[in-house]
Structures are given as structure tokens and as C-alpha cells.
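The values are calculated or read from the model by the stated rules, or taken from the named source; none is laboratory data. Computed from a prediction, not measured in an experiment: that's the story for all the values here. A quick note on method: Cβ atoms are made from the backbone with ideal geometry, for glycine too, and the neighbour counts reach across all protein chains shown. Ligands, DNA and RNA are excluded from the accessible area calculation, which covers all protein heavy atoms including side chains. Shrake-Rupley method; radii C 1.70, N 1.55, O 1.52, S 1.80 Å.
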Amino acid sequence: MNGVVSASMRQKGADYKINWGVSLEHLREMSQEYGKDEELADALWKENIRECKILATLIMPSSAMNAEKAEEWLNDIRTQEMAELSAYHLFQYMDGATQMAISWLDKDQPLQRICAIHVLSNQFKQSVQMNEQDEARFLQYVLRSLKSSYMSERHAAMNALNHFADIDDVHDKQAQDLLEKWETEMTENNDNLS
């Protein structure tokens with residue numbers, strides 16, 4: 001247990017029944033000992049213990065996750081850390097990850113949208129292509145999220161947009177156009193407030 005880390009997380013709102021403050025590196029090492037294990041991952045995820053949930057994302061085989069189970073896990077995410085780690089360790093590797101994440105962009109909870117955007121960000125790093133409709137939906141989400149009062153959502157969206165722009169020149173142009181549109185809207189809003 002790392003009491004200092006655990007106390008700091010508690011002060012920042014990480015509301016777990018138990019939080020030992022174990023480092024991610026140590027949890028990754030532990031997951032290697034267990035290997036991929038669906039039954040154990042399901043049991044660990046049900047516990048409101050930070051380390052159990054992280055281990056669950058590390059040992060759950062992505063092939064064992066279907067859309068229904070992914071939705072259940074998504075609905076159980078209570079911290080930004082878990083939104084990011086679930087996306088990074090598990091959801092991005094599922095069949096249909098891009099489509100699933102696109103559908104999650106309309107979720108009511110910011111943490112669920114952050115998870116979705118991290119899945120997409122990781123897909124863009126691998127140059128995964130989307131159809132025009134999904135690209136338009138992603139860009140619309142980014143424009144909306146850049147105006148969000150939730151800083152973590154703005155940050156995640158901007159990172160995903162940067163990875164989207166890195167795919168090729170066409171995507172870079174789309175990202176630049178979106179940023180110009182956002183800047184214009186922000187300037188107009190500021191002028192209207194004056």
C-alpha cells in the first residue's frame with residue numbers, strides 16, 4: 001500500500017471502497033502472473049476497489065468483451081483514471097471498437113465520453129479509418145467538447161483531434177478547419193459578451 005498516493009486520490013474524489021494506491025507498473029506486473037482470465041476479470045471488476053478494477057482491465061481478454069458487457073463496464077466507471085485505463089487496456093482492442101466508441105460520444109456522463117474519446121484517440125494512433133459519417137460525428141463531438149466546462153473532456157478531445165490530424169494530410173486539413181471554426185465561434189461569443 002502507498003498511503004500517500006491513496007490519501008491524495010481520495011482527496012481528489014477517487015471514491016473507492018478500498019484504494020491501496022498501488023502503482024500502475026506494479027499492477028501490470030501482477031497481471032502478467034495471472035494472464036488473461038475472463039472469469040477473474042469479471043469478479044475483480046465487481047469490486048469497488050481501485051486495484052481490482054485496474055487488474056480487471058488488464059486481464060480481461062478483449063475477445064471476451066461484447067457490446068453488452070462493455071456497456072455495463074462503461075456504466076460502472078466512476079473516475080477519470082478508470083475511463084482512461086479501460087479505454088487503453090481493453091476497449092480499444094475489441095472488435096468494432098471504433099463504432100462502439102462513436103456511439104458512446106452521445107452519453108450523458110462526461111467520464112463515459114472521455115472513455116470513448118480515448119478509444120478513438122488510440123484508434124487514430126493506429127491510423128484506423130472511419131467512414132465520412134463517423135468522421136463528421138467525431139468532429140462535431142470535438143467542437144462541442146472544446147466548449148465543455150469539464151476540462152478533462154476538453155483535453156481528451158484535443159488530444160484525439162491531434163491524433164486524428166496525424167493520420168494524413170486530409171485529416172490534418174479537417175482538424176485545422178475545425179479549430180478555425182472553434183476560434184471564430186469563441187471570438188464571436190466574446191464579442192457578444194462585450
What does the extension gain come out to for M151 and D106, with contour length at 0.36 nm per residue minus their alpha carbon separation?
14.4 nm
Return the loop-located GluC sites (Glu not before Pro) in segment 37-100 (DSSP other than H, G, I, E, B) with at most 15 other Cβ atoms within 10 Å of their own Cβ; answer none if there are none.
E47
Based on DSSP H runs of at least 4 residues, each adding -39500 (n - 2.57), what is the mean residue ellipticity at 222 nm of the chain after dividing by all its residues, to the nearest 500 deg cm²/dmol?
-22000 deg cm²/dmol
Can you tell me the orientation of helix 151-165 relative to the chain, as the angle in degrees between its alpha-carbon axis and the longest Cα principal axis, to the nearest 10?
70
Between L24 and N192, Cβ-based FRET efficiency (R0 41 Å, step 0.05) works out to 0.35
Apply 1/(1 + (r/R0)^6) to the Cβ-Cβ distance of K125 and E180, taking R0 = 25 Å, and write down the FRET efficiency to the nearest 0.05.
0.55
Looking at segment 22-106, which trypsin sites (Lys or Arg not before Pro) are in a loop (DSSP not H, G, I, E or B) and have at most 12 other Cβ atoms within 10 Å?
none
Can you tell me the 0 to 90 degree angle between the C-alpha axis of helix 80-89 and the longest principal axis of the chain, rounded to 10?
80
Within the chain, what whole-number % of the accessible surface is contributed by carbon and sulfur, with the 1.4 Å probe and all protein chains included in the calculation?
47
Per residue, how much accessible surface does segment 89-194 expose to a 1.4 Å probe? Answer in Å², no decimals.
54
Out of (i) 45, 43, 31; (ii) 53, 38, 26; (iii) 59, 43, 31, which label holds the value of Cα extents along the principal axes in Å that was computed here?
(ii)
